[in-house]
Amino acid sequence: MSGAGVWVFRNGVMQLEEPAAAGRKALVYVPTNEVVRSVEALERRLGALGWERYYENRTIVQLHKRDGGSDLITIPRDFASLRSTHMYDVVVKNRDHFKVVDASTPN
């Protein structure tokens, strides 16, 4: 993640908007080297790691750890809206299970 972009306040959440020229990223589930292609697939993988739905509305899904930890993962319900900031949030909270790669070279 280059850190380039503009911080915007949208729907009560501060988000980093990346420049349009930035390359597309892909979220990869490391144990199977599978590119995650939907919210449902991501939820299945996270569910196996102890995450469950905490909150949802028309635009977002939030997950938290079943063990009562304070971490939350927020992802857009529309997978096409998933940005690298969402992907890196998943990676940081599940370091050995996910990675972010350039979409042109998902391996």
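Sort out which residues of segment 47-73 are β-branched (Val, Ile, Thr) and surrounded by 14 or more Cβ atoms within 10 Å (Cβ to Cβ), and write them in order of number.
Kept after step one, since they are β-branched (Val, Ile, Thr), are these residues of segment 47-73: 59-61, 73.
Within segment 47-73, Ile60, Val61, Ile73 qualify.
Out of all the residues in segment 76-107, which are open to solvent by 50 Å² or more (accessible area, probe 1.4 Å), in a helix (DSSP H, G or I) and among the hydroxyl-bearing types (Ser, Thr, Tyr)? Scanning segment 76-107 gives a single hit, Tyr88.
Based on this model, can you work out whether Val61 counts as modelled with pLDDT of 95 or more, hydrophobic (A, V, I, L, M, F, W, C) and either closer than 25 Å to Val8 by Cβ or touching a Lys or Arg at 6+ places or on another chain (Cβ under 7 Å) (or both)? No: the conditions fail for Val61.
Only one of the numbered conditions (1) at pLDDT 95 or above; (2) under 15 Å from the mean Cα position of the chain (by Cα) is violated by Thr32, and that is (2).
Evaluate the following for Val6: is it modelled with pLDDT of 90 or more, open to solvent by 60 Å² or more (accessible area, probe 1.4 Å) and not acidic (Asp, Glu)? The answer is no for Val6. Do you know which of the residues in segment 23-36 that are in contact (Cβ under 8 Å) with a residue 12 or more places away in the chain and not hydrophobic (A, V, I, L, M, F, W, C) is least open to solvent (accessible area, probe 1.4 Å)? Selected residue: Tyr29. Cβ separations smaller than 7 Å between residues 6+ apart or across chains give the following pairs from segment 83-95 residues that are farther than 15 Å from Ala26 by Cα to residues that are open to solvent by less than 60 Å² (accessible area, probe 1.4 Å) and not polar (S, T, N, Q): Lys93/Ile73; Asn94/Leu49. For segment 37-63, taking the residues that are in a strand (DSSP E or B) and either touching a residue at least 60 places away in the same chain (Cβ under 8 Å) or touching a helix residue (DSSP H, G or I) at 6+ places or on another chain (Cβ under 9 Å) (or both), the one that is nearest to Asp96 (Cα to Cα) is identified as Trp51.
The values are calculated or read from the model by the stated rules, or taken from the named source; none is laboratory data. All figures in this text were calculated on a predicted structure; none of them were measured in a lab. FYI the Cβ positions are ideal-geometry reconstructions off the backbone, even for glycines, and counts take in every protein chain you see. These accessible areas exclude ligands, DNA and RNA; they are computed on the full protein's heavy atoms, side chains included. Shrake-Rupley method; radii C 1.70, N 1.55, O 1.52, S 1.80 Å.
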